[in-house]
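Down below is the structure, laid out as structure tokens.
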Amino acid sequence: MPNSTSTASITRRAATLALATTAGIAVGSANPARADEKIIGISFPNASVIGAVVTEIEAAKKKGAEMGYKVVVDDPGTDLNKQINTIKTWTEQKIGAMVVNTLQPAAFESVAKQARAVGVKWITYGQKIDNQDATVGYAQYHDGHALGEYAGKWITDTLGGKANVVILGYDKGVWGQQRAGGIKDGLKSAAPSATIVAEQDAISPTEGLNVTRSILQAHPEVNVILGVEDPATEGAYKAWIASGKDKGDAKAFIGGMDGTVPALKLLKEGGTVYRASMAIPLIAVGEAMVTTSDALINGKSDGDHIVPLELVTEKSPKADEYLKQQAEK
């Protein structure tokens, strides 16, 4: 945030806003902030149910502490009004910068404009909006395309180009639409004869389990499941086994995105239908939230910070690399 000579004092009402704590992520402070306290806010719907995001945020908090910033986090779930209200509070507080994951980018243009008008730097996570200073995140469509293309090549090489495919997406968020669109286009580019038999939203293990269980009952012929989030495809993997299917079926494929710990452990072990994940360099993204904020706060033109995801396949040494980032083996 700006230094103490340019930062307005934080009102008692705004400073005493208390936000819930979820999944071990500190999401705000009930204590009045000091006038000289440097704050970066991260607003991230569903952060507590996406394991990769938890790791990113912990990296951001650690990097923030090293650079003299307090990183506060709000997870509003899917409550758009709650998210916007918190952003308005941060704007009133005139924090230094905020990193916002915008499920529906157009809904944030006005609040972003208001924040920037009082000197708060706005960074959009994984998307672009008109009223922003920078983007930190990914090329969502491109990364989804890479997963779909890999699955399509596997289908062509292993199944002669034909497969019955399920897409577990997240149509409520533009990022989910972009990832799913990339998956489908990549799949069709490499296996044009593959048939998508079902598309449903699922981003958590429970959603992935329940949705996939229902789909497999209706479409027992399904042999490929691709998702925009590894937690959902982890649930799909459990549903696959619970339905009596062979976890090592040589003619089946499950793959997701983000590189969560359970997914990476399955890939490290190998020998299962879980065959791929587009893994996020989590530490790099978390640190970029802070370094990009700091550069903007200090008047430097840092620009966008796009971190490419990396394809991790079964028994790849990359699985170990990404597990270590999450302090796992």
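So, GLY299, is that one under 30 Å from VAL120 (Cβ atoms), without any contact (Cβ under 8 Å) to a residue 40 or more places away in the chain, out of contact with any Asp or Glu (no Cβ under 8 Å at 6 or more places or on another chain) and part of a loop (DSSP other than H, G, I, E, B) or not? When the stated conditions are applied, GLY299 passes them.
Based on this model, can you work out whether TYR125 counts as among the hydroxyl-bearing types (Ser, Thr, Tyr), more than 20 Å from GLY176 (Cα to Cα) and surrounded by 20 or more Cβ atoms within 10 Å (Cβ to Cβ)? Even if it seems obvious, please write down each step before you answer.
Details: among the hydroxyl-bearing types (Ser, Thr, Tyr): yes; more than 20 Å from GLY176 (Cα to Cα): no; surrounded by 20 or more Cβ atoms within 10 Å (Cβ to Cβ): yes.
Considered against the rule, which asks whether it is among the hydroxyl-bearing types (Ser, Thr, Tyr), more than 20 Å from GLY176 (Cα to Cα) and surrounded by 20 or more Cβ atoms within 10 Å (Cβ to Cβ), TYR125 comes out as no.
Considering only segment 175-263, give the strands (runs of 3 or more DSSP E) lying wholly within it that have at least 3 residues that are crowded, with 18+ Cβ neighbours inside 10 Å and free of Cβ contacts under 8 Å to residues at least 12 places away in the same chain. Break it down stepwise before answering.
On the way: elements: 195-201, 224-227, 253-258.
Answer list for segment 175-263: none.
Quick check, is GLY255 at positive phi and either in contact with a Lys or Arg (Cβ under 6 Å, 6 or more places away or on another chain) or hydroxyl-bearing (Ser, Thr, Tyr) (or both)? So GLY255 fails the test.
Among the candidates ALA151, ALA107, ALA146, which residue alone is assigned to a helix (DSSP H, G or I) and over 26 Å from PRO205 (Cα atoms)?
Details: ALA151 fails: over 26 Å from PRO205 (Cα atoms); ALA146 fails: over 26 Å from PRO205 (Cα atoms).
Just a single option satisfies the conditions, and that option is ALA107.
Go through the residues of segment 123-133 one by one and say whether even a single one is over 16 Å from ALA252 (Cα atoms), touching a residue at least 24 places away in the same chain (Cβ under 8 Å), assigned to a helix (DSSP H, G or I) and out of contact with any Ser or Thr (no Cβ under 6 Å at 6 or more places or on another chain). For segment 123-133, residues over 16 Å from ALA252 (Cα atoms), touching a residue at least 24 places away in the same chain (Cβ under 8 Å), assigned to a helix (DSSP H, G or I) and out of contact with any Ser or Thr (no Cβ under 6 Å at 6 or more places or on another chain): absent. Scan segment 160-173 and tell me whether some residue there is crowded, with 18+ Cβ neighbours inside 10 Å, assigned to a helix (DSSP H, G or I) and of a type in the set (Phe, Trp, Tyr). No, there is no match, as no residue in segment 160-173 is crowded, with 18+ Cβ neighbours inside 10 Å, assigned to a helix (DSSP H, G or I) and of a type in the set (Phe, Trp, Tyr). Filtered by the rule that a residue be more than 15 Å from THR135 (Cβ to Cβ) and not in a helix (DSSP H, G or I), segment 92-104 gives LYS94, ILE95, GLY96, LEU103, GLN104. If you go through segment 63-75 and pick out every residue that is surrounded by fewer than 22 Cβ atoms within 10 Å (Cβ to Cβ) and either without any contact (Cβ under 8 Å) to a residue 60 or more places away in the chain or among the hydrophobic types (A, V, I, L, M, F, W, C) (or both), you end up with 5.
Residues that are within 22 Å of ALA232 (Cβ to Cβ), modelled with pLDDT under 90 and outside any helix (DSSP H, G or I) within segment 37-91 comprise ASN46, ILE50, THR78, listed in sequence order.
Of all residues in segment 267-283, which are closer than 20 Å to ILE155 by Cα and in contact with a strand residue (DSSP E or B) (Cβ under 7 Å, 6 or more places away or on another chain)? Can you show your working first?
Filtering segment 267-283 for residues closer than 20 Å to ILE155 by Cα gives 267, 270-278.
Once the filter is applied, which keeps residues that are closer than 20 Å to ILE155 by Cα and in contact with a strand residue (DSSP E or B) (Cβ under 7 Å, 6 or more places away or on another chain), segment 267-283 yields LEU267, VAL273, TYR274, ARG275, ALA276, SER277, MET278.
Keeping to segment 292-306, report how many residues are within 20 Å of the chain's Cα centre (by Cα) and surrounded by fewer than 18 Cβ atoms within 10 Å (Cβ to Cβ). Steps first, answer last, please.
Taking segment 292-306 first, the residues within 20 Å of the chain's Cα centre (by Cα) are 292-293, 304-306.
From what's left, surrounded by fewer than 18 Cβ atoms within 10 Å (Cβ to Cβ): 304, 306.
Of the residues in segment 292-306, 2 are within 20 Å of the chain's Cα centre (by Cα) and surrounded by fewer than 18 Cβ atoms within 10 Å (Cβ to Cβ).
The values are calculated or read from the model by the stated rules, or taken from the named source; none is laboratory data. Because the structure is predicted, anything quoted here is derived from the model rather than measured. With ideal geometry, Cβ positions are generated from the backbone for all residues, glycine too; neighbour counts draw on all protein chains shown.
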